[in-house]
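**Q** Take this structure, written in structure tokens, and hold onto it; I'll ask about it next.
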Amino acid sequence: MEDFKQCKQCGKMLPIASFRKYYGGRKGSYKYCLTCEKINNREKYLMKKATFTAEETEELDMIHKLWQIQRMNGLQPPHDNRNKASVADKVEDLLADYEATQVASSKSTDPRAAAHELNYTEIMTDNNTIPAELSKWLTMELTEEPDYYQDTVYEQLKEKYRPVIEINQDTLMPVYDDTYKQVLNLILERFDDYEDNYDWDKED
């Protein structure tokens, strides 16, 4: 029976042959499937160019839009490094997200929905509004390899705090409990930033 693995970027369950194996005798395979790797490598190639054609600009916009949608759904696409936003820009974007979420969840009777109504500053400072386990991962020091946080810690948190509640019968895609989605996205972003700045040479 063929083994399957879930791509961390597109979310699809695919045969293990759809993932590139690690080099250098390291066991296992990459978290991105070959299709997602191809898309990501294309983005890297285009971003290295000094100028873009109209077609290349459109292609880049489509890739970055895809990444944005994937990240909003709790998946793990690469970072969009076209213009690295300042912390203030990130806070402004998150505030806009929370304001939009407030409107959508204002009629909810679920007491956990209060987590949706927090702005960025409140999430970072008020540990009583979200589970302590989630709050911890927003601030604690990260010392292990990035794969541990992204593939083990985040997946365990996602399974516990963003469980599947049903399957959409039209798309056959899972529907998640999004009560803590915004907090989980902040945690994942922190883990991804940690990977971006991780010194892999120190493992040698």
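**Q** Quick check on this structure: which one of GLY11, GLY74 is part of a loop (DSSP other than H, G, I, E, B) and at pLDDT 90 or above?
**A** That would be GLY11, the only listed residue that is part of a loop (DSSP other than H, G, I, E, B) and at pLDDT 90 or above.
**Q** Quick check on THR35: is it farther than 24 Å from ASN73 by Cβ, free of Cβ contacts under 8 Å to residues at least 60 places away in the same chain and out of contact with any His (no Cβ under 7 Å at 6 or more places or on another chain)?
**A** No, not satisfied.
**Q** Tally time: how many residues in the stretch 126-163 are β-branched (Val, Ile, Thr) and surrounded by 11 or more Cβ atoms within 10 Å (Cβ to Cβ)?
**A** Qualifying residue count for the region: 4.
The values are calculated or read from the model by the stated rules, or taken from the named source; none is laboratory data. Quick caveat: nothing in here was measured; it's all calculated off a predicted structure. Quick reminder, even Gly has a Cβ in these numbers, built from the backbone with ideal geometry, and neighbours come from all protein chains shown.
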